[in-house]
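Novice: Below are the C-alpha cells for one structure; questions will follow.
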Amino acid sequence: MKGLEKYLKKNRNKSLYDKVKKEFEKRGPVAHNWDHIYRDIINAIWIGEAEKANMEVVFPSIVLHDIGFLYDPDPSIHHKLGAEKCIEWLEDWNKEDKKAIRLCILAHKGKSFEFSIEPESIEEKVVYDADQLEKMGYAGLLGCVRVGVEFGEATHPELKSLYEIAKLFKSVSKITLYTSKAREIAKRRGGMKFDIFEKAYNELREYYEE
Ligand SMILES: [Fe+2]
Ligand SMILES: [Fe+2]
C-alpha cells in the first residue's frame with residue numbers, strides 16, 4: 001500500500017535513503033526529522049505516480065528536500081542551502097537529473113509563508129505538494145505545533161508561546177496545492193485545520209490581549 005519497497009530495490013535509492021535516514025536520526029531537529037521526511041516520501045510516491053512524474057527525480061528530491069536543516073537550523077534559508085548541498089549526496093545521478101533535483105529542493109516551499117519560488121515542472125509540484133500534505137488534517141495539526149516548537153528553540157523565540165503558534169498558523173488561511181492527487185488526499189483529511197488554530201488563538205488571546 002505504501003509503495004516504498006519497489007523504490008528501495010534500486011541500489012542508488014536505497015543507499016541515499018539509508019544515508020539520509022541515518023543523518024536525520026543522528027542530528028535532525030525536532031520537527032524536520034525522519035518522522036516527517038518518511039511520510040513526505042510516501043506522499044511523493046502516491047502523488048508522483050498518479051501524476052506520472054519522473055520518479056528518478058522525485059524520489060531523491062523528496063528524500064533530500066529538508067537536508068538544509070542538517071547544516072543550519074534557519075528555516076528561511078533551508079531550501080537554498082539544501083539545493084546547494086544536495087549535489088554532495090548525488091554522486092550516482094547524472095548531470096541533468098542533479099539539476100532537476102536541485103530545482104525541486106529549491107522550490108519545495110513554493111509561495112508559502114515568506115517564500116517566493118513557484119514550483120514549475122511536474123516533479124517540483126509533486127515535491128511541494130507532498131510536503132504541504134504534512135499540514136493537512138489532524139496529524140497535520142500536531143505537525144504544525146511541533147514545527148512551532150522547533151523554530152521556537154532554533155530561530156524564532158516568540159514561537160515558544162502557544163499563542164504565537166496559533167496566531168502564525170491561523171494566518172496561513174489558504175494553501176495552494178498543484179496536483180489533483182494531493183488535493184484529493186487533502187480533501188479526505190479535511191484540509192488544513194485553520195478553524196482549530198483560530199479557536200485556539202481565541203482562547204489564548206484572553207491571556208495576552210485586552
Ligand atoms: Fe522544508
Ligand atoms: Fe519538509
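Every number here is computed from the coordinates shown, using simple stated rules; none is lab data. Note that the structure is predicted; figures quoted are calculated from it, not measured. Note that we place each Cβ from the backbone using ideal geometry, even for glycine, and neighbour counts take in every protein chain shown.
Novice: When the label point is put 7 Å from the Cα of Arg188 along its Cα-to-beta-carbon vector, which residues of the stretch 1-38 have a backbone N closer than 14 Å?
Specialist: Output list for this probe position: 1-3.
Novice: Are there any helices in the chain, counted as whole DSSP H runs, that stretch 20 Å or more along their axis by Cα and score at least -1.0 on average by Kyte-Doolittle, and if so which?
Specialist: Helices passing the filter in the chain: 34-50, 137-154, 194-208.
Novice: Can I ask one more? Select from Phe59, Phe115, Phe24 the residue whose mean-square fluctuation is largest in a Gaussian network model of the chain (Cα-Cα springs shorter than 10 Å).
Specialist: Fluctuation is largest for Phe115.
Novice: From the P(r) of the stretch 66-210, can you give the percent of Cα pairs sitting at distances over 21 Å?
Specialist: The share of Cα pairs beyond 21 Å in the stretch 66-210 comes to 50 percent.
Novice: Related question: Assuming 0.36 nm per residue, please report the length gained on full extension of the stretch Ser15 to Ser116 beyond their Cα-Cα distance.
Specialist: Difference between extended and current length: 33.1 nm.
Novice: So what is the 222 nm mean residue ellipticity for the chain from helices alone, if each DSSP H run of at least 4 adds -39500 (n - 2.57) and you divide by all residues, rounding to the nearest 500 deg cm²/dmol?
Specialist: -19500 deg cm²/dmol
Novice: A further question follows. In the stretch 109-210, which trypsin sites (Lys or Arg not before Pro) fall in coil by DSSP and have 11 or fewer other Cβ atoms within 10 Å?
Specialist: Loop-located and lightly packed - Lys174.
Novice: Could I ask something else about it? Suppose every K and R has +1 on its Cβ and every D and E has -1 on its Cβ; what is the size of the dipole of the chain about the Cα centre, in Debye to the nearest 20?
Specialist: Its charge dipole is roughly 740 debye.
Novice: Could you work out which residue, out of Val63, Val145, Val127, moves most in a Gaussian network model of the chain, that is, has the largest mean-square fluctuation with Cα springs under 10 Å?
Specialist: Comparing Val63, Val145, Val127 in a Gaussian network model of the chain, the most mobile one is Val145.
Novice: Which Cα, out of Leu4, Leu133, His32, lies furthest along the positive dipole direction of the chain (beta carbon charges, K/R +1, D/E -1)?
Specialist: Farthest along the dipole direction, towards plus: Leu4.
Novice: Which of Ala83, Ala200, Ala182 moves most in a GNM of the chain, Cα contacts under 10 Å?
Specialist: It is Ala200.
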